[in-house]
Every structure is written in structure tokens, then in C-alpha cells.
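Read-outs throughout are calculated quantities, based only on the coordinates presented, and are distinct from any laboratory measurement. As the structure is a prediction and not an experimental result, all values here were calculated from the model. For neighbour counting, all protein chains shown are included, and Cβ atoms are generated from backbone atoms with ideal geometry for every residue, glycine included.
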Amino acid sequence: MAYLSLSLSRSRARPRSLLRDTDGAVMIEFTLVVVLLLGVTFAIVDFARMAWIHTLAAKGAERAARLAVQSDPAASGFTAYSAVGALGLAPGTDLTTARLPAFTLRCTTAGCTCTVGTCAVGTGYDGDAFAAIAAAAQLGGSFPVPADRVYVEYAHVGQGFAGRPGPDVVPMVSVGMTGLQHDWIILQAFGFDTFTMSDFRTTLPAEDLATSGPT
């Protein structure tokens, strides 16, 4: 009878002793802290990768635009257009938007299309010129953006004059990238899969628009 009473008292004491037992608490706390620390660290690395890609894309657009303003245009019609012949203007006459209405040409790997106004220079396309601009956006291979994500726009805003050495029309040249995506690594565990970045775009005024220099 005494043995049974002792066993019952021990069984009642065991749950109370488990609640007071602190053995292993440090290990549990350490595990929780390590998991949290690793999660935050890898999340920072994830965001750092995205920031690096963002920087490369912005630099790629800048470099490609710099090349585009001084190289053969992807919109080849600018090279052949003559305001003297097309509009009957005297050499030296400014090509204001009153004389030549504003227009915008957008060129991609698929060719050039007129997106604003009536493009007096036509929609001719120089694939080699576009490929060179798209290659410049890749920063020598450091940023291998697909060429079909790159576009070049030529916008006539009233600059240039009839009979100008080189193209008569001096457009504003924009090089941009669209649809770039970043795949998360750690954040996928929290339901984040792919992040689509905003467009990257750099605009500069055209210079000679000729790889070989003005003619």
C-alpha cells in the first residue's frame, strides 16, 4: 500500500517537474535565433542581387543610348530622308514641328513601327544597327539581357534643318529595357516567386547618327 502511494505521488510530481525543467532551453533559443538570423541574412542577399541587377540594367540602357546617338540608326529612314526633296525647303531651314510634324519611331528585334504621328522618314529597319545597340546594353557580357527586351525610340521634336550634314532630322533617342524579371531565392519560401522590374530608359539627343561619322 505504501509502495502504491509513493508511485502515485511520483506520477503527480512528474508533470510539475517537467514544467520547471530548464535543461535544453539554451539550445532551443539558439536554434530559433540562428534560423531567424539566417533568414534575414539570405533575404538581404536576395535584395542585394536585385539591386545589382537594377544597377546593371540602368547602366546598360545608358551605355546603349550613348552608342545609339552616334551610330547608324536602327530606323534607317533617317539616313535617307531629305527635307529639301520631301518638303521643298531651302537648305538651312529649321525642321520645326510646324514644318515637319512630331513623330516617334520604335524599333525592336521585330523591326520599326510608327507609334506617334505620321513618320515622314518611313519605317525602314537596320537589323545590324539594332543588334549593335542591344549588344551595348549587355555591358560586354556582364549583363546578358535578351535583345528582345531592348527597344530604341527615335522622336522628332523639332530639331534639325534641311540639308544638314548627316540626317536632316535630329531626333531624341531613347534606349530602354522592358519586362526584366528577378527570381527570388529565399523569399520563395514566403510565397514570393518572380518580381517584374519597371522599365529602364535613357534618352539623349542624337549626334551624327553615323558609325563612320558625319558625311
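With contacts taken as Cα pairs under 8 Å and at least 6 residues apart, the chain reaches a relative contact order of 25 percent.
By the count of neighbouring beta-carbon atoms within 10 Å, fewest first, Leu204, Leu100, Leu37 end up ordered Leu37, Leu204, Leu100. When the chain is described by a simple charge dipole with +1 on each Lys and Arg Cβ and -1 on each Asp and Glu Cβ, the residue from Gly111, Gly39, Pro171 located farthest towards its positive end is Gly39.
Listed by Cβ neighbour count within 10 Å, with the fewest neighbours leading, Ser174, Ser82 appear as Ser82, Ser174. For the chain, dividing the convex hull volume of the Cα atoms by the residue count gives 164 Å³ per residue. Placing a pseudo-label 7 Å from each Cα along the Cα-to-Cβ vector at Arg49 and Thr194 gives an inter-label distance of 1.5 nm. Within the chain, the selection of entire DSSP H helices by a Cα span of 30 Å or greater along the long axis and an average Kyte-Doolittle value of at least 1.0 returns 25-68. Work out the FRET efficiency for Ala147 and Ile185 from their Cβ-Cβ distance, taking R0 = 25 Å, and round it to the nearest 0.05. Efficiency at R0 = 25 Å is approximately 0.40. Working note: 222 nm ellipticity from helices only, DSSP H runs with n ≥ 4, each -39,500 (n - 2.57), summed and divided by the residues of the chain, gives -13000 deg cm²/dmol to the nearest 500. Please grab the % of Cα pairs in the stretch 128-215 that end up more than 21 Å from each other. Percent of Cα pairs beyond 21 Å in the stretch 128-215: 48.
Computed from label points 7 Å out along Cα-Cβ, the spacing between Arg66 and Thr31 is 5.5 nm.
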